[in-house]
Amino acid sequence: MSVAQGALAFQELTAPEAFHEALATAAQHAAEVDRHSRFPSEAVAALRSAGAFGWGVPQAYGGAGARIDKLSEATFELSRACAATGMIFAMHQIQIASIARHLGDSLWFKNYLGRVVDEQRLIASATSEVGVGGDMRKSLAAVQPADGPDNLIHFEKRASTISYGAHADDLLTTLRRSPDADSGDQVLVLTHLADMDTKPTNEWDTLGMRGTCSPGFVVRATCLTDQVLPAAFAAIAAETMVPYSHILWAHVWLGIATDAFSRAQNFVRAQARQNPGTIPPTAHRLAELSVRMAGFRALVHEAMDEYMSLADEDRPGLSTIGYAVRINNLKIAASEVAVEACQAALRICGFLGYGNGGPYSVCRQLRDAHSAALMIANDRLLATNAALLLVYREGK
Amino acid sequence: MLLSTETQKARLQNKDRIRKVVKDHAGLGLDFERMDYSTDLYRAGMTSYSSVVLMIALENEFEIEFPDHMLSRSVFESVDSIAAAIEGLQQERE
């Protein structure tokens, strides 16, 4: 699909040219964003102009009410152009869904979602923490009563990574519910970065996904008790944050792999044009890669379809062990095939693929794809599934 | 609905057995003297891993198998919710 066709699919959310502009801007700056490990501010500004940060907000609060299928498509298209931009868009929509699907009767959060649409606010998340061993379902930092009125709370957290933390407007943080709560008894708190004290603890200079600018931070805030989402994080994680993350991330990785595939295909076609009448040997490798890409797409789309069918009608179904196993499987499989696909594209393009520039370079794609296995380490998910499969009889 | 004394007694016995399995297998640090049947085990620190250990131990203790649709957070939330699930399975068997 060309950039123009990609944009057409979003005409119900925004003017087609607005999303077209965001895709073109993301593509134009992708190499430079990667080289300098800098925030893709031009593409993010173009997304703001397209109103994209309000797409996942329900229509009742002034948003476009886009479901996960549309958000996935947008994530995929953006990631073909610039994976960092795609990941930033995806992570923002994950935070929106986590709020919108679990805000209960909270007037504060209903009002907040309206502000996200009007002001095109960008939300980052602080779910990681130094000292919990990468387990998002555990927190050390807790909601503390603040000095002053009863409706004020305070927290301080050492987050091991906050993607685009220095460039977002708001932050969604996991914390223990109270100073004496168990490490697994967590809540989510939304705070405005302008009112917070934040300090980066390291530099983000990484192999790939360099434009997401995701160093560690120490974050401190004082806010209203109203800014604590009413639902338990356990339910938010199982019903929304984990499936949204794995499905949208998988679309980022599919976008990266599809970009690498397109570059490999263009390379093979250029070779074929040099020797009309013959099929270049790389064409066979491309055909093999095409099979893998078909499997990759099927894997990702099936997981999205299952979530779509459960998301509204069968929320308890999302908290079952069987669903946890399947959504973890999606993450593990998609993160591995993304790297394999980029590697296969590199073999096809040869040294033109290995170079850091030019139309057949797949370096950035391969480096970006390597982040996939680390975002919630695959080994952690395999260990979880190993335990779950002791009781769950897989039949689906 | 009025329950027969027999049913009520059987229920309490079940809950006591479940409570003991939870104590031995759910890996919780809480004070069991203060735990009641409605205590939220997840809020008390049960992880997804320890919930699996608990499920296996319950299957052994009651000689049952939880069907896949019962393998959910809400079923293993408390002694009460586990007892309701096990009672359902026992009735099915009878």
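Structural remarks
- Residues in the range A:347-368 that are assigned to a helix (DSSP H, G or I) and either of a type in the set (A, V, I, L, M, F, W, C) or over 25 Å from the mean Cα position of the chain (by Cα) (or both): A:ARG347, A:ILE348, A:CYS349, A:PHE351, A:LEU352, A:GLY353, A:TYR354, A:CYS363, A:LEU366.
- Number of the condition not met by B:SER51 [criteria: (1) away from chain A (no Cβ under 14 Å); (2) of a type in the set (S, T, N, Q); (3) touching a residue at least 12 places away in the same chain (Cβ under 8 Å)]: (1)
- Among all positions in the range A:53-73, there is no residue which is in contact with a Ser or Thr (Cβ under 9 Å, 6 or more places away or on another chain) and not in a loop (DSSP other than H, G, I, E, B).
Condition check ((1) surrounded by fewer than 23 Cβ atoms within 10 Å (Cβ to Cβ); (2) without any contact (Cβ under 8 Å) to a residue 24 or more places away in the chain) across all residues:
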| site | (1), (2) |
| --- | --- |
| A:GLN59 | yes, yes |
| A:PHE76 | no, no |
| A:THR85 | no, no |
| A:GLU119 | yes, no |
| A:GLU129 | no, no |
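- Which listed residue, of A:ASP150, A:ASP180, is at pLDDT below 95 and within 14 Å of chain B (Cβ to nearest Cβ): A:ASP180
- Residue within the range A:314-331 that is out of contact with any strand residue (DSSP E or B) (no Cβ under 8 Å at 6 or more places or on another chain), away from every other protein chain (no Cβ under 14 Å) and touching a residue at least 60 places away in the same chain (Cβ under 8 Å) present: yes
- Complete set of residues in the range A:158-201 that are more than 17 Å from A:ASP226 (Cα to Cα) and over 22 Å from the mean Cα position of the chain (by Cα): A:PRO179, A:ASP180, A:ALA181, A:ASP182, A:SER183, A:GLY184, A:ASP185, A:ALA194, A:ASP197, A:THR198, A:LYS199, A:THR201
- Selection within the range A:133-161 - among the small types (Gly, Ala, Ser) and either farther than 19 Å from A:ILE236 by Cβ or surrounded by fewer than 20 Cβ atoms within 10 Å (Cβ to Cβ) (or both): A:GLY133, A:GLY134, A:ALA146, A:GLY148, A:SER160
- Scope the range B:54-77; condition at the interface with chain A (Cβ under 9 Å from one of its Cβ atoms) and of a type in the set (Phe, Trp, Tyr); matching residues: B:PHE66
- Listed conditions (1) assigned to a helix (DSSP H, G or I); (2) within 14 Å of chain B (Cβ to nearest Cβ); (3) without any contact (Cβ under 8 Å) to a residue 40 or more places away in the chain are all met by A:LEU390, apart from (1).
- In summary, B:LEU41 fulfils each of the numbered conditions (1) of a type outside the set (Gly, Ala, Ser); (2) at the interface with chain A (Cβ under 9 Å from one of its Cβ atoms); (3) assigned to a loop (DSSP other than H, G, I, E, B) with the single exception of condition (2).
- Filter result for A:SER371 (under 25 Å from the mean Cα position of the chain (by Cα), under 22 Å from A:SER98 (Cβ atoms), in contact (Cβ under 8 Å) with a residue 12 or more places away in the chain and assigned to a loop (DSSP other than H, G, I, E, B)): yes
- Test set (1) more than 14 Å from chain B (Cβ to nearest Cβ); (2) touching a helix residue (DSSP H, G or I) at 6+ places or on another chain (Cβ under 7 Å) - A:ARG137 fails condition number: (1)
- For the range A:162-177, the tally of residues that are away from chain B (no Cβ under 14 Å) and surrounded by fewer than 20 Cβ atoms within 10 Å (Cβ to Cβ) stands at 3.
- Selection count, the range B:49-63, where residues are over 12 Å from the mean Cα position of the chain (by Cα) and not small (Gly, Ala, Ser): 5
- A:MET308 being modelled with pLDDT of 95 or more and buried (at least 16 other Cβ atoms within 10 Å of the Cβ): no
The values are calculated or read from the model by the stated rules, or taken from the named source; none is laboratory data. On a predicted model such as this, the values are computed, not experimentally measured, just so you know. Note: ideal-geometry Cβ built from the backbone for every residue, glycine included; neighbour counts use all protein chains shown.
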